[in-house]
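Have a look at the structure below, then the notes.
The values are calculated or read from the model by the stated rules, or taken from the named source; none is laboratory data. Keep in mind that what you see is a predicted model, and the values were worked out from it rather than measured. Cβ placement follows ideal geometry from the backbone for every residue including glycine, while neighbour counts extend to all protein chains displayed.
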Amino acid sequence: MKQSNYNFFFPYEADASKVIAYNSFTNALALMEKEKHEVFETFAQRGVEITDDEFIGQLRQGGFLIDDETNELDLLRFRMLQSRYSTKSLGLTIAPTADCNFRCPYCYEKDVLKPDYMTQEVEDVIVKMVEAQVKTISTLAVYWYGGEPLMNIPTVERLSKRFIALCEENNITYSASMITNGYLMTEKIVKLLQELQVSRIQITLDGVAETHDKRRPLTDGSGTFSIIVDNLEKYKEWLPTVSLRINIDKTNAGAGAEITKLLGDKRLLDKVHPYLGRVTADNDDYDKGSCFSCGGFSEEEFEYFKEFESGGEGFMRRYPRQKRNYCSADSLNSYVIAADGGLYKCFMDIGNKSQAMGNLINPEKDKYQSPLGYMLYDPTVDDMCMKCNLLPVCMGGCPEKRISCEERCSSYKFSLDDFIKVIVQRLKAKQDSNGKK
């Protein structure tokens, strides 16, 4: 037997006689008697045999101890390839329009936004894509994107109804979510999204009114904050679950606290779940010096988590979990479809014709770009990643950022111990409150 390459041990501040044990390969988490940890460390460092069979069984169950012949990199590679090339699920990110009513200065689509709206012809071809796979897939996941998707709600409605009918006819599990700025929501639209089985939406607020309105204005420069917040309040009853992204950089680092307090005051936190997003300089106009590094953002993210997210029942959302492949960009059966029929692998590439895989309507319209840069990357042989003991929860990071040479490491690289310690503290408190030993 040998120790896993993915073991982490942290002090347990509430009880010096114990340590926290976490394994990033299995995602196992345990409190371990310090004496037993010393026995394990003696084995790991000096090869002294562990004689406690029950302890050995617990270590093996959590993946802290593995067989000598086990190659964890091979296992990571296997489950990555198994997930990456699976055709049981189809994922479609669809932009019904390339238009947007906002002009956010940090937007990576800033230079490709234009008043293109999806035509019936493109809609029909997308449906044919799904029809071609209904006998082989078990799930269809649709992500409505843009531009601003609510600027073309008729396409969202038509396609959704056709997708739902196909899934019902073929016993396929259907799911849908949407990224929207939230400005155009009305009672009619929110109820329609409910009918169309959109179960989650993402909306962004970058701070309270003064800060947000400077960073996320309408095309004419006017503010958007009050309308978005009013919409969240007015339509709370019918809204799906809302992931509320708070984009931060060095110029608005306190926005997370401001927005979370506001949502609490308005009693929205049971429906609206805020989290921090890292702004990166993805267009030439945005100041790179204003952006946090991965490490700097990790510090901000942990402080926010500790103060606002670690309470209640939501703290486990930040528990680090294993990835197989990273995202849709490195998944064989996932596609991004632009309003004009352009086909991409990554939503960050949408509108960038040099990154198009082709066009659904006119194969000659866009220069063909092979997705091999996304699909063939293997973090288990990447010198930067293969020796990292957080590889199982990161799997090489964002494919687009890797190709563009941007920072791509997970926040956990810089603050895993901090997150785990708080999570354990909350789990133990929950356990104690339930009267368990």
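Restricting segment 413-437 to residues that are out of contact with any strand residue (DSSP E or B) (no Cβ under 6 Å at 6 or more places or on another chain) and of a type in the set (Asp, Glu) leaves a set whose member that is modelled with the highest pLDDT is ASP418.
Listed here are the residues, each with its yes/no results for (1) in contact with a Ser or Thr (Cβ under 8 Å, 6 or more places away or on another chain); (2) farther than 30 Å from ILE153 by Cα; (3) without any contact (Cβ under 8 Å) to a residue 40 or more places away in the chain.
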{"position": "ASP349", "(1), (2), (3)": "no, no, no"}
{"position": "GLU400", "(1), (2), (3)": "no, no, no"}
{"position": "GLU407", "(1), (2), (3)": "yes, yes, no"}
{"position": "ASP417", "(1), (2), (3)": "no, yes, no"}
{"position": "LYS428", "(1), (2), (3)": "no, yes, no"}
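Cβ-Cβ contacts under 6 Å between residues 6 or more apart (or on different chains), taken from a first residue in segment 256-269 that is within 22 Å of PHE302 (Cβ to Cβ) and among the acidic types (Asp, Glu) to a second residue that is crowded, with 19+ Cβ neighbours inside 10 Å and modelled with pLDDT under 95, are absent.
Among the residues of segment 145-162, at least one is over 30 Å from THR224 (Cβ atoms) and of a type outside the set (A, V, I, L, M). Scanning segment 287-303 for residues that are surrounded by 19 or more Cβ atoms within 10 Å (Cβ to Cβ) and part of a loop (DSSP other than H, G, I, E, B) yields a total of 2.
Kindly provide the set of residues from segment 144-186 that are outside any strand (DSSP E or B), free of Cβ contacts under 8 Å to residues at least 60 places away in the same chain, more than 24 Å from SER222 (Cβ to Cβ) and in contact with a strand residue (DSSP E or B) (Cβ under 7 Å, 6 or more places away or on another chain), ordered by number. Hits for segment 144-186 are SER160, PHE163, ILE164, CYS167, ILE172.
Here's the yes/no breakdown for (1) over 16 Å from PHE292 (Cα atoms); (2) not aromatic (Phe, Trp, Tyr):
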residue	(1), (2)
LYS234	yes, yes
TRP238	yes, no
ILE248	no, yes
GLY254	no, yes
LYS266	yes, yes
ASP270	yes, yes
PRO274	yes, yes
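For segment 313-324, the candidate set comprises residues that are over 19 Å from CYS398 (Cβ atoms) and in contact (Cβ under 8 Å) with a residue 24 or more places away in the chain; within that set, the residue that is surrounded by the most Cβ atoms within 10 Å (Cβ to Cβ) is PHE315.
From the list GLY351, GLY289, GLY311, the lone residue that is at positive phi and more than 16 Å from the chain's Cα centre (by Cα) is GLY351. I'm told CYS327 meets every condition in (1) more than 18 Å from THR87 (Cα to Cα); (2) surrounded by fewer than 23 Cβ atoms within 10 Å (Cβ to Cβ); (3) among the hydrophobic types (A, V, I, L, M, F, W, C) except one. Can you identify the failing condition by its number? All conditions are met except number (1). Restricting attention to segment 387-411, and to residues there that are charged (D, E, K, R) and in contact with a helix residue (DSSP H, G or I) (Cβ under 6 Å, 6 or more places away or on another chain), which single residue is surrounded by the fewest Cβ atoms within 10 Å (Cβ to Cβ)? Taking the candidates together, the pick is GLU407.
Taking the listed residues LEU31, LEU92, LEU76, the one that is assigned by TED's automatic domain parsing to the domain that holds LEU159 and either under 30 Å from the mean Cα position of the chain (by Cα) or closer than 30 Å to MET129 by Cβ (or both) is LEU92, with no other qualifying.
When you look at ASN333, is it in contact (Cβ under 8 Å) with a residue 24 or more places away in the chain, at negative phi, in contact with a helix residue (DSSP H, G or I) (Cβ under 8 Å, 6 or more places away or on another chain) and crowded, with 17+ Cβ neighbours inside 10 Å, yes or no? Quick ask: steps written out before the conclusion?
Working: in contact (Cβ under 8 Å) with a residue 24 or more places away in the chain: yes; at negative phi: yes; in contact with a helix residue (DSSP H, G or I) (Cβ under 8 Å, 6 or more places away or on another chain): no; crowded, with 17+ Cβ neighbours inside 10 Å: yes.
No.
Return the only residue of ILE350, ILE248 being touching an Asp or Glu at 6+ places or on another chain (Cβ under 8 Å), at pLDDT 95 or above and not small (Gly, Ala, Ser). Checking each option against the conditions leaves just ILE248.
Across segment 187-221, the qualifying residues are those that are assigned to a loop (DSSP other than H, G, I, E, B) and among the acidic types (Asp, Glu), and the one among them that is nearest to GLU237 (Cα to Cα) is ASP206. Checked against the criteria, PRO363 does not count as surrounded by 21 or more Cβ atoms within 10 Å (Cβ to Cβ) and of a type outside the set (Gly, Ala, Ser). Exactly one residue out of ALA21, ALA30, ALA44 is part of a helix (DSSP H, G or I), among the small types (Gly, Ala, Ser) and buried (at least 16 other Cβ atoms within 10 Å of the Cβ), and it is ALA44. In the condition set (1) surrounded by fewer than 21 Cβ atoms within 10 Å (Cβ to Cβ); (2) under 21 Å from ILE153 (Cβ atoms); (3) in contact with a Leu (Cβ under 7 Å, 6 or more places away or on another chain); (4) not polar (S, T, N, Q), LEU268 is compliant with all but (2).
Quick one: what pairs do we get from segment 81-103, first residue surrounded by 23 or more Cβ atoms within 10 Å (Cβ to Cβ) and part of a loop (DSSP other than H, G, I, E, B), second modelled with pLDDT under 95 and among the hydrophobic types (A, V, I, L, M, F, W, C), C-beta under 9 Å, 6+ apart or different chains? Sorted first by the residue in segment 81-103, then by its partner, the pairs are ALA95/PHE347; ALA95/ILE350; ALA98/VAL112; ALA98/LEU113; ALA98/ILE350. Please identify the pairs in which a residue from segment 278-294 that is not assigned by TED's automatic domain parsing to the domain that holds LYS250 has its Cβ atom under 8 Å from the Cβ atom of a residue that is surrounded by 14 or more Cβ atoms within 10 Å (Cβ to Cβ), counting only partners at least 6 apart or on another chain. Note: no pairs meet the criteria.
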